[in-house]
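Trainee: This is the structure I have questions about; it appears just below.
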Amino acid sequence: MSATRKAYRSALLHSIADPADVGVENSFEYFEDGLLVVDQGKITAIGHAAELLPTLPADIEVVQYQNALITPGFIDTHIHFPQTGMIGSYGEQLLDWLNTYTFPCEKQFADKAHADKVAKIFVEELLRNGTTTALVFGSVHPESVNAFFEEAERLDLRMIAGKVMMDRNAPDYLTDTAESGYAESKALIERWHGKGRLHYAVTPRFAPTSTPEQLQLAGQLLGEHEGLYMHTHLSENLKEIEWVKSLFPEQNGYLDVYDHFKLLGERSVFAHGVHLCDAECQRLAETGSAVAFCPTSNLFLGSGLFNLPQAEQFKVKVGLGTDVGAGTSFSLLNTLNEAYKVMQLQGARLHPFKSLYLATLGGARALSLDDRIGSLKAGNDADFVVLDYKATPLLDYRLQQSNSIEETLFVLTTLGDDRTISQTFAAGVCVHQRG
Ligand code: GUN
Ligand code: ZN
């Protein structure tokens, strides 16, 4: 029995609730000298080392870390795999940025060999940054999703992805049709959804690039298979919102377009939601839909500032997305750094334990996966990261001045990036070891 069991002794920190619901002090568990016990890809126990060690078999392997903190793996609730090669494309806001940079870049994913090459780079980059689960946009080509899922399956990762559905207002080389988008998505669902730790997301790009026929078929598809996700963009940019109103004059605003086609629900995730009205927040909440706030992207494209207090007021589920390639980093730590600044610009604060929640348990709740990932509770998948307090000379020196785990956490989210992640574990296996 003990041969497959392994224990990790370190400082341990995880969220157990939303600070907005229970207050900051009751939202986390911290073990200064903790023990995390893992067996067959699952967490089997968490606690103080002094209490747990005597209960374990004498021959169990115990890996010990100094100057480190173990947290759950990070959860990225919105990212584009085919945009890996175009991060940092200069000078445009959303609609021009799509036409100038995004569509030509995504065109290359018709070629499976290219998709395979980028899938390896993309997944490795996720793991280098401590992200163990992501909700991923492919391109319009099924090849892109096959390439991504093949790599995720090889590493036994819990990942969600889908092929873009897009049948208008985009170049001919990058559009499907309502029927082919439905049929290709269905074939991908049959091949991948529920295989290992993989899940499929029906992925209409955003309302302007789908005809009503395509959105209707997307809604139909959601009803045809259990447990599917729906992943799209919503209210990111003011010109985009005006465009949606002109394309769908019968609907009462942007969210109502998706609502009309039955695209809201417990596994529906809407990226951005920067310019939502209260009624839209209310509708998102009552349908169990989530928003993915993407601060680095919103700043980069000049889209606006996310409104976390509004989402909290209406109890909308919130995750954080990097939104690479409009987003400028794969790192959720870096994304939290920018999220803090977005709150400051609005005269508010992002508490470090709310940050931890958003990057882990909050993301898991946004994806309705909090019974499997997002915290270190027994029974969950053993997806976790080891953060190195000495990752850089500055981090090391700064953390020597820290007086509390709260301060340490805040500094990690301010100075942290891929260098901070010394190891990433997925299903109990080390899938990234920093060089
Ligand atoms: N809206 C529609 N497509 C996209 C995309 O690829 N990136 C972002 N940030 N917004 C979008
Ligand atoms: Zn996006």
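No value in this document is a laboratory result; all are computed from the given coordinates. None of these values were measured; they are calculated from a predicted model. Neighbour counts are summed over all protein chains in view; Cβ atoms, including those assigned to glycine, are modelled from backbone coordinates with ideal geometry.
Trainee: Rounded, prolate or oblate for segment 309-349? Axes are the square roots of the Cα gyration tensor eigenvalues, ordered a ≥ b ≥ c, and the cut-off for rounded is a/c under 1.5.
Mentor: Working: a/c = 2.62, a/b = 1.44, b/c = 1.82.
Note, shape of segment 309-349 comes out oblate.
Trainee: On average, how much area does the Cα convex hull of segment 183-231 cover when viewed from any direction, in nm²?
Mentor: Across all orientations, segment 183-231 yields a mean hull projection of 3.3 nm².
Trainee: At 7 Å along the Cα-to-beta-carbon direction for both Thr177 and Leu394, put a label point, then send me their distance in nm to one decimal.
Mentor: Roughly 5.5 nm, to one decimal.
Trainee: Right, here's the next one. State the extension gain, in nm to one decimal, for the chain segment bounded by Asp116 and Ala187, taking 0.36 nm per residue of separation less the distance between their alpha-carbons. Walk me through the numbers before you get to the answer.
Mentor: On the way: separation 71, 0.36 × 71 = 25.56 nm, distance 1.91 nm.
My answer for the length gained is 23.6 nm.
Trainee: Shape of segment 342-435 from its Cα gyration tensor (a ≥ b ≥ c, root eigenvalues): rounded if a/c is under 1.5, otherwise prolate when a/b > b/c, or oblate?
Mentor: Cα axes put segment 342-435 in the oblate bin.
Trainee: How long are the three semi-axes of the equivalent ellipsoid for segment 62-150, computed from the Cα gyration tensor as the root of 5 times each eigenvalue, in whole Å, largest first?
Mentor: Listed largest to smallest, the semi-axes of segment 62-150 are 29, 17, 10 Å.
Trainee: Using a cut-off of 20 Å between alpha-carbon atoms, which aspartates and glutamates can reach Lys390, once sequence neighbours fewer than 8 places away in the same chain are excluded?
Mentor: The reachable aspartates and glutamates, counting only those whose Cα sits under 20 Å from Lys390, are Glu32, Asp33, Glu406, Glu407, Asp417, Asp418.
Trainee: Roughly how big is segment 279-435's charge dipole about its Cα centre, with Cβ charges of +1 (Lys, Arg) and -1 (Asp, Glu), in debye to the nearest 20?
Mentor: 140
Trainee: For the chain, what is the mean residue ellipticity at 222 nm derived from helices alone (per DSSP H run of n ≥ 4: -39500 (n - 2.57); sum divided by total residues; nearest 500 deg cm²/dmol)?
Mentor: Theoretical 222 nm ellipticity from helices: -10500 deg cm²/dmol.
Trainee: Can you give me the Cα centroid spacing of segment 357-429 and segment 1-44 in angstrom?
Mentor: That distance is 11 Å.
Trainee: What is the ratio of the Cα radius of gyration of the chain to 2.2 N^0.38 Å, with N the residue count, to two decimals?
Mentor: Expressed relative to 2.2 N^0.38 Å, the Cα Rg reads 0.95.
Trainee: Could you check the spin-label model distance between Gln313 and Thr55? Points 7 Å from the Cα along Cα→Cβ, value in nm.
Mentor: Output for this residue pair reads 4.5 nm.
Trainee: Cross-link list Lys6/Lys42; Lys315/Lys354; Lys42/Lys117: which exceed 19 angstrom alpha carbon to alpha carbon?
Mentor: From Lys6/Lys42; Lys315/Lys354; Lys42/Lys117, over 19 Å: Lys42/Lys117.
Trainee: Using Cα-Cα distances under 8 Å and only pairs 6 or more residues apart, what relative contact order does the chain have, in percent?
Mentor: RCO, the chain: 20 percent.
Trainee: Given the Cα-Cα distance of Val22 and Val429 and 0.36 nm per residue of separation, how much length would full extension add, in nm? Spell out each step's value before the answer.
Mentor: Numbers: separation 407, 0.36 × 407 = 146.52 nm, distance 3.30 nm.
Extending this stretch completely gives an extra 143.2 nm.
Trainee: If you don't mind, another one. If the cut-off is a Cα-Cα distance under 19 Å, which aspartates and glutamates reach Lys107, setting aside same-chain residues fewer than 8 apart in sequence?
Mentor: Of all the aspartates and glutamates, those that pass the test against Lys107 - Cα under 19 Å, at least 8 places apart if same chain - are Asp96, Asp116, Glu143, Asp167, Asp172, Asp176, Glu184, Asp323.
Trainee: Continuing with the same structure: Mind sorting Cys294, Cys430 by how few other Cβ atoms lie within 10 Å of their own Cβ, fewest first?
Mentor: Cys430, Cys294
Trainee: Points 7 angstrom from Cα along the Cβ direction at Ala378 and Ala285: gap in nanometres?
Mentor: If labels sit at Ala378 and Ala285, their model points lie 3.5 nm apart.
Trainee: Mind checking which lysines have their Cα closer than 17 Å to the Cα of Lys195? Skip sequence neighbours fewer than 8 apart in that chain.
Mentor: Filter leaves Lys163, Lys186.
Trainee: Under 1.5 on a/c is rounded, so check that first for segment 253-400, then, if it is not, pick prolate when a/b is larger than b/c and oblate when it is not; a ≥ b ≥ c are the square roots of the alpha carbon gyration tensor eigenvalues.
Mentor: oblate
Trainee: Next question, about the same structure. Working out 0.36 nm times the residue gap between Gln220 and Leu305, then minus their Cα-Cα distance, what length gain in nm do you get to one decimal?
Mentor: Values: separation 85, 0.36 × 85 = 30.60 nm, distance 3.34 nm.
Full extension from Gln220 to Leu305 adds 27.3 nm.
Trainee: Run through the DSSP bridge list for the chain and note the antiparallel percent, rounded to the nearest 5.
Mentor: So the antiparallel bridges in the chain amount to around 50 percent.
Trainee: Scan segment 160-199 for trypsin sites (Lys or Arg not before Pro) in coil per DSSP, keeping those whose Cβ has at most 15 other Cβ atoms within 10 Å, and list them by number.
Mentor: Arg168, Lys195
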